[in-house]
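The structure appears right after this line, and notes come after that.
Every read-out reported here was derived from the displayed coordinates using simple, explicitly stated rules and does not represent laboratory data. Owing to the predicted nature of the structure, the values given are computational and were not obtained by experimental measurement. Here Cβ is always computed from backbone atoms with ideal geometry, including for glycine, and neighbour counts include all displayed protein chains.
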Amino acid sequence: MPVFDFNSAPAGAPKEPECTYTTYRTNAGEASAEKPILLLDNQKRRWDHHSCGVFTNPAKQTAFEFKEEDGKFNADILLIDARFVSLIKWLGEHQIHVRLSGTNREDGYAVYRIRETAFGGGTKLSAEDGFLQFMIDRLFSSNAPSEEETDEDRDEVGDDMKLTSLQSITDFMTCAGCTLPDNIQLWARRNLAVARSHEVSPEEKRHAQRALSIMMNIQWKSNYFEAIDPTEARRILDEELYGMEKVKQRIIETIIQINRTHTLPAYGLLLVGPAGTGKSQIAYAVARILKLPWTTLDMSSINDPEQLTGSSRVYANAKPGIIMEAFSMSGESNLVFIINELDKANAGKGNGNPADVLLTLLDNLGFTDNYMECMVPTVGVYPIATANDKSQISAPLMSRFAVIDIPDYTEEEKKVIFSRFALPKVLKRMSLREDECIVTPEGLDAVIARYADTTGIRDLEQAAEHIAANALYQIEVNGVKAVQFDAQMVNELLG
């Protein structure tokens, strides 16, 4: 299909360029010759593996102009990954010079990499260096847009690198608007208008730009979860926890449920047990199994709901709440919220109850931050809460969790944990061999007896640290080859 040449159009008879491509939908995390970013016509000429040029026909983005040694040649775009339509259009409109990497196939030249070549005096892509590569990486990590979002006449809007300037935020919204939820697209348009307006105060503009930067740097992912290997999940649990078979069984059941539905369970996990029994360690292990970033909310230090919901922009020192900051820090919408000491969540100090705010987060219907002034999706949030006393938790909060009781360790379990896990871990960190620091059976009994009235294993871990440090001291200062701790030495050292 011929490509329209603007220069050859007869006066008074403007002609719309033809759209030569079709789109295809994929969620692939990278491009290849089999699943390229786009496919160019190569019937009249084979293109080099690395080829330079610009995209043309900005109104429809139908071609690429190759700059070869013997001249310039146009090739129609035949096929394009639906996620990249807006980006290719934007590159063409701004005449950004790029280098393509691709492979000649029978049906066309399959492009699997696009790099910027606008060095020196060339057109700058954005106020942020590396914007093109950032955009491509972001698009590859997003899901394919729906059919209606890829329509030609839709209204386009819109890690190490962060989008902070208005120019980079504008470019991002233009190129990757279809990767944002619908309500966030509308919100972004409004806030960008405020940030650019000359009719609002500098304070309002600053707040709008700050909110945009926070929102645009979060990857809003779908709630679809890939299957998790139960064997690998069990290995992680065994590595992190000794015993607790009922607890491990309950977690594996949750993994099997995720594998069947490819979505997170409707209820989070509430781990209830004495202090020091490894509740937080279990939560971290689950986050590791789910391969999700995690953040912690310590309810004992939160006494005002505004700490969670943020403050209104009417205040000069307004800022987002802890929950929104957690999304921002993780850089994505799917994450594990570890809520420590949930039984302290009712301890508000006159300005409302922080527990009420948690209910909106746990319902997975969306969470609204007062500073952002936008409802953010929470379907990818998996809450894991810990508590010492579940009788202090309100019934509405309890109903949002599947409760797992964490029992205290028996005396025999504590012996195994100390000798097989706690002490070897400390010795390895101090670069001590196991035959340089030996705790006799009587010494082990003395350690366990000393902390018989305390719950959990934190005291045992501190005892292991103290014993190993003393052994290292005697080896380095007194010149002994090894130290053996019997009951008397343990009691003297820990006394």
Quiz prompt | Dipole moment magnitude, nearest 20 debye, the chain about Cα centre, only Lys, Arg, Asp, Glu C-beta charged | solution = 400 debye
Quiz prompt | R0 of 22 Å, Cβ-Cβ distance Leu359-Ser312: FRET efficiency to nearest 0.05 | solution = 0.60
Self-check item: Overall Cα dimensions of region 291-340 - principal axes, largest extent first, Å
Solution: 38, 25, 10
Exercise. Please give the peptides 382-390, 307-315 ranked by average Cβ packing (other Cβ atoms within 10 Å per residue), highest first, as a rough proxy for protection.
Key: 382-390, 307-315
Exercise. Please say if region 385-495 is rounded, prolate or oblate, where rounded means a/c under 1.5 for a ≥ b ≥ c the square roots of the C-alpha gyration tensor eigenvalues, and otherwise the choice is prolate for a/b larger than b/c and oblate otherwise?
Key: prolate
Self-check item: Glu411 versus Gln167: modelled label distance in nm, points set 7 Å from Cα along the beta carbon direction
Solution: 7.3 nm
Quiz item: Cα centroid distance between region 443-477 and region 65-95, in Å?
Solution: 68 Å
Exercise. Would you mind putting 269-275, 423-429 in packing order, based on average other-beta-carbon counts within 10 Å, highest first?
Key: 269-275, 423-429
Quiz item: Can you give the Rg to Rh ratio for the chain, taking only C-alpha atoms and Rh from Kirkwood?
Solution: 1.10
Quiz item: So, in nm, how far is label Lys319 from label Arg234 when the simple model puts each one 7 Å beyond its Cα toward the Cβ?
Solution: 4.6 nm
Practice problem: Report the relative contact order of region 169-264, percent, no decimals, based on alpha-carbon pairs under 8 angstrom and at least 6 residues apart. | Solution: 26 percent
Self-check item: Anisotropy class of region 448-490 from Cα gyration tensor, a/c 1.5 cut
Solution: prolate
Self-check item: region 30-93 - percent relative contact order, Cα under 8 Å, separation 6 or more
Solution: 37 percent
Self-check item: Radius 10 Å from Cβ of Val314, net charge of other residues (Lys, Arg +1; Asp, Glu -1)
Solution: -1
Quiz item: Each label point is 7 Å from the Cα along the Cα-to-Cβ direction; what then is the distance between the points at Asn183 and Asp107, in nm?
Solution: 4.0 nm
Quiz prompt | region 275-303 residues near the modelled Arg458 label - backbone nitrogen below 13 Å, point 7 Å along Cα→Cβ | solution = 275-281
Self-check item: Restricting region 217-293 to trypsin sites (Lys or Arg not before Pro) in coil, as DSSP defines it, with at most 11 other Cβ within 10 Å
Solution: Lys291
